[in-house]
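The values are calculated or read from the model by the stated rules, or taken from the named source; none is laboratory data. What you are looking at is a predicted structure, and each value in this text was computed from that prediction instead of being measured. Neighbour counts run over all protein chains shown; Cβ positions are idealised from the backbone, glycine included.
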Amino acid sequence: MKDLKVLFMGTPDFCVPILQCLIDECNVIAVVTQPDKEVGRKKEMIFSPIKKLALENNIKVLQPVKIKEDYDDVINLNPDIIITCAYGQIIPEIILNQPKYGCINVHASLLPKLRGGAPIHKAIMYGYDKTGITIMYMDKGMDTGDIISKKEVKIEENDTAETLHDKLQKSAVFLLMDTLPSIIDGTNKREKQDEKYATYAYNISREEEHVDFNKTSKEIYNQIRGLNSWPGAYCILDGKNLKLWSSKITLNTYDKIPGEIVNLDKNGLEVVTKDGSILITELQLPGKKKMNIKNFINGIKKDYIGKIMK
């Protein structure tokens with residue numbers, strides 16, 4: 001496939017091994033990624049991981065603010081195929097209809113489940129026991145195109161968004177490179193998505209980061225690990241945001257208000273939930289770094305027992 005002219009569209013770290021494999025095996029003529037962003041107090045300009053890799057390999061980089069309006073450069077490159085993964089913008093039909101082998105997308109779920117921008121987080125937050133990678137033809141909808149291939153990935157009870165991200169990333173590279181030859185020679189499958197099984201994984205909202213202790217212990221446990229290591233779950237304690245990074249479900253039950261702290265020892269910060277309690281084992285105070293429960297206990301100067309986490 002060395003002569004295959006590929007235009008790759010993507011932005012986050014998840015896409016990096018995919019692009020690297022395409023660089024090794026194909027002729028990547030350009031990369032399209034989101035515009036650079038200013039971050040921090042110093043407003044430093046940060047390149048996307050995909051842009052960094054492209055520049056390291058002397059590959060042309062395009063960064064349209066709105067690709068649905070600014071697409072001429074893509075069309076003029078006349079790629080044989082466009083491959084996208086977590087690009088972050090809806091691709092206009094004029095681009096979708098241009099390459100001779102079509103536009104395909106690498107999506108981190110088993111479509112039609114978890115369409116949208118946060119399928120890895122939501123798979124854990126929703127309590128799924130499996131997810132996977134789908135290779136699909138793109139159409140004008142959001143992750144609604146015909147399915148070409150899938151690879152299932154098990155979600156372990158202790159998986160976080162970070163560990164699941166890494167497992168899916170490896171599966172994505174394998175599945176894409178295994179599927180690509182059949183797309184080129186026209187022997188690939190093409191399966192319509194069944195709309196009655198569709199679920200959605202829209203980008204994480206600030207409200208979804210907030211932990212409500214009126215939920216069950218399992219729901220809270222899934223929320224905390226589903227938001228680890230980004231953007232992180234939080235609650236409010238003493239009027240300040242407290243980040244919650246890791247937890248364990250207990251077998252204890254209490255006749256107390258959900259959110260009340262009932263114990264604090266080397267095992268964790270125990271908080272009452274709707275159906276029992278949960279141990280917070282890794283957390284982060286405002287302005288501080290993440291800390292395990294041992295370091296938290298050593299550093300505190302107040303009694304938290306009886307306080308309410310909201």
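Tabulated values for the structure
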{"item": "Per-region count, region 16-59, residues buried (at least 19 other Cβ atoms within 10 Å of the Cβ) and within 23 Å of the chain's Cα centre (by Cα)", "result": "12"}
{"item": "Tally of residues being outside any loop (DSSP other than H, G, I, E, B) and in contact with a Phe, Trp or Tyr (Cβ under 8 Å, 6 or more places away or on another chain) across region 148-160", "result": "2"}
{"item": "Matching residues in region 262-279 - criterion: being in contact (Cβ under 8 Å) with a residue 40 or more places away in the chain and within 31 Å of the chain's Cα centre (by Cα)", "result": "Val271, Val272, Thr273, Lys274, Asp275, Gly276, Ser277, Ile278"}
{"item": "Candidate set: region 187-215, residues that are of a type in the set (Val, Ile, Thr) and surrounded by 15 or more Cβ atoms within 10 Å (Cβ to Cβ); chosen: the one farthest from the chain's Cα centre (by Cα)", "result": "Val211"}
{"item": "Residue, surrounded by the most Cβ atoms within 10 Å (Cβ to Cβ), within region 216-241, restricted to residues that are small (Gly, Ala, Ser) and modelled with pLDDT under 95", "result": "Ser229"}
{"item": "Cβ pairs under 8 Å, 6+ apart, first in region 203-224 and of a type in the set (S, T, N, Q), second not in a loop (DSSP other than H, G, I, E, B)", "result": "Ser217/Ile249; Ser217/Ser277; Ser217/Ile278; Asn222/Ile124; Asn222/Met125; Gln223/Met125; Gln223/Glu208; Gln223/Ala233"}
{"item": "Residue among Asp166, Asp146, Asp178, Asp159 that alone is of a type in the set (D, E, K, R) and either at pLDDT below 95 or over 28 Å from Ile81 (Cβ atoms) (or both)", "result": "Asp159"}
{"item": "Failed item, numbered, when Thr160 is tested on (1) under 15 Å from the mean Cα position of the chain (by Cα); (2) loosely packed, with under 15 Cβ neighbours inside 10 Å", "result": "(2)"}
{"item": "Residue that is among the charged types (D, E, K, R) and either outside any loop (DSSP other than H, G, I, E, B) or within 30 Å of Ala161 (Cβ to Cβ) (or both), where the choices are Lys113, Lys100", "result": "Lys113"}
{"item": "Any pair with Cβ under 6 angstrom, 6 or more apart, that starts in region 1-20 at a residue that is outside the structural domain of Ile184 (by TED's automatic domain parsing) and ends at one that is modelled with pLDDT under 95", "result": "none"}
{"item": "Failed condition for Lys140, given (1) surrounded by fewer than 20 Cβ atoms within 10 Å (Cβ to Cβ); (2) farther than 15 Å from Lys154 by Cα; (3) at pLDDT 95 or above", "result": "(3)"}
{"item": "Residue that is under 19 Å from Ile104 (Cβ atoms), touching a residue at least 40 places away in the same chain (Cβ under 8 Å) and outside the structural domain of Ser229 (by TED's automatic domain parsing), where the choices are Ile67, Ile50, Ile23, Ile75", "result": "Ile50"}
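Let's see how each residue does on (1) under 25 Å from Val106 (Cα atoms); (2) not assigned by TED's automatic domain parsing to the domain that holds Leu19:
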site	(1), (2)
Arg190	yes, no
Val211	no, yes
Tyr221	no, yes
Pro231	yes, yes
Leu237	no, yes
Leu244	no, yes
